[in-house]
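To keep things clear, I will list the structure first and then write my remarks on it.
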Amino acid sequence: MAVTEPIRNKHQVRELSNYYLQRGQLRNCCLIVLGVHTALRVSDLLRLTWEDVYDFARRCVRESIIITEKKTGKTRIIALNGNAMRTLALYAAQAAKRGDFLIANARTKKAISRIQAYRIIRAAAEALRIGRVSCHSLRKTFGYHAWKSGISPAVIVEIYNHSSFSVTKRYLGVTQDDQNEAYMRLSFSA
């Protein structure tokens with residue numbers, strides 16, 4: 001089985017996030033945007049309901065998601081950044097209904113399958129010629145860019161709920177170029 005990698009190029013992440021937005025397919029756009037901005041596993045993304053992300057009483061997108069992870073059973077609070085909140089607000093204007101899944105099949109109203117999520121992500125990646133991308137690439141992309149922007153690896157381990165840094169290290173997809181950059185950037189001269 002091939003190992004998926006994070007999307008290392010920020011421009012490609014933006015292109016992937018905008019691919020379905022430009023086509024008016026807000027559900028698919030939301031899947032990708034939340035995937036790269038929350039670091040949730042696809043199994044947890046697909047279980048989200050509108051009540052998890054939208055406050056119907058106040059008629060606005062929530063600032064955070066509270067979720068119990070399917071795999072670990074741990075409860076997490078995930079802050080939603082501006083990109084995620086804007087995408088959810090656009091999508092909510094056309095689709096928010098109490099009791100519905102966020103990433104739902106239009107016909108059955110059930111959550112789409114993991115296979116369908118993969119097809120959505122893969123179709124956009126292929127159209128944009130991004131390379132080997134899967135559902136898990138979105139989660140890995142979050143960690144890679146968090147790390148590159150200076151977020152402590154210890155914090156990333158906590159976000160991922162990994163048992164050790166060695167697991168997170170594989171997710172980050174550290175390349176020889178990343179290692180070379182560390183050598184070149186460090187200087188003790190005045």
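Scan the range 126-178 for trypsin sites (Lys or Arg not before Pro) in coil per DSSP, keeping those whose Cβ has at most 12 other Cβ atoms within 10 Å, and list them by number.
Passing both the DSSP loop test and the Cβ count: Arg129, Arg132.
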- line: Per the rule of 0.36 nm per residue minus the C-alpha distance, extending Ser164 to Met184 adds in nm 4.4 nm
query: Modelled label-to-label distance, His11 and Asn83, 7 Å Cα→beta-carbon offset: nm?
result: 1.6 nm
- prompt: If each of Asn105 and Ser152 carries a label point 7 Å out from its Cα toward its Cβ, how far apart are those two points in nm?
  reply: 4.5 nm
- request: Please go through the residue pairs Lys74/Lys169; Lys110/Lys140; Lys97/Lys140; Lys71/Lys148; Lys70/Lys109; Lys97/Lys148 and name each one whose alpha carbons sit more than 32 Å apart in this structure.
  value: Lys97/Lys148
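For Lys74 and Val174, compute 0.36 nm times the residue count separating them, minus their Cα-Cα distance, and round to one decimal in nm.
Extra length from Lys74 to Val174 when fully extended: 33.3 nm.
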task: Kindly provide the helix-only [θ] at 222 nm of the chain, computed as the sum of -39,500 (n - 2.57) over DSSP H runs of four or more divided by all residues, to the nearest 500 deg cm²/dmol?
output: -15500 deg cm²/dmol
Within the range 129-167, backbone nitrogen closer than 16 Å to the virtual label 7 Å beyond the Cα of Asn18 toward Cβ: 129-130
message: Which trypsin sites (Lys or Arg not before Pro) in the range 72-109 sit in a loop by DSSP (not H, G, I, E or B) and have at most 12 other Cβ atoms within 10 Å of their own Cβ?
response: Lys74, Arg98, Arg107, Lys109
task: Mind putting together the pair-distance distribution for the chain? All Cα pairs, 5 Å bins, whole percent per bin, short to long.
output: 1, 7, 16, 20, 20, 15, 10, 5, 3, 2, 1, 0, 0
- prompt: Arranged by the count of other C-beta atoms within 10 angstrom, fewest first, what order do Leu90, Leu45, Leu138, Leu186 take?
  reply: Leu186, Leu90, Leu45, Leu138
query: For the range 10-176, what is the relative contact order in percent, using Cα pairs closer than 8 Å and at least 6 residues apart in sequence?
result: 24 percent
- request: Please report the relative contact order for the range 1-99, taking Cα pairs under 8 Å with a sequence separation of at least 6, and give it as a percent rounded to a whole number.
  value: 25 percent
field: the range 28-35 - phi-based ³J(HN,Hα) in whole Hz, Karplus 6.51/-1.76/1.60, Gly and Pro as x
entry: 5, 4, 4, 4, 6, 4, 5, x
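Bear in mind these aren't lab numbers, they're just calculated from the coordinates by the rules spelled out. Since the structure is predicted, the reported quantities are computational estimates derived from the model, not experimental observations. Heads up, the Cβs are rebuilt from the backbone with ideal geometry, glycines too, and the neighbour counts pull from every protein chain shown.
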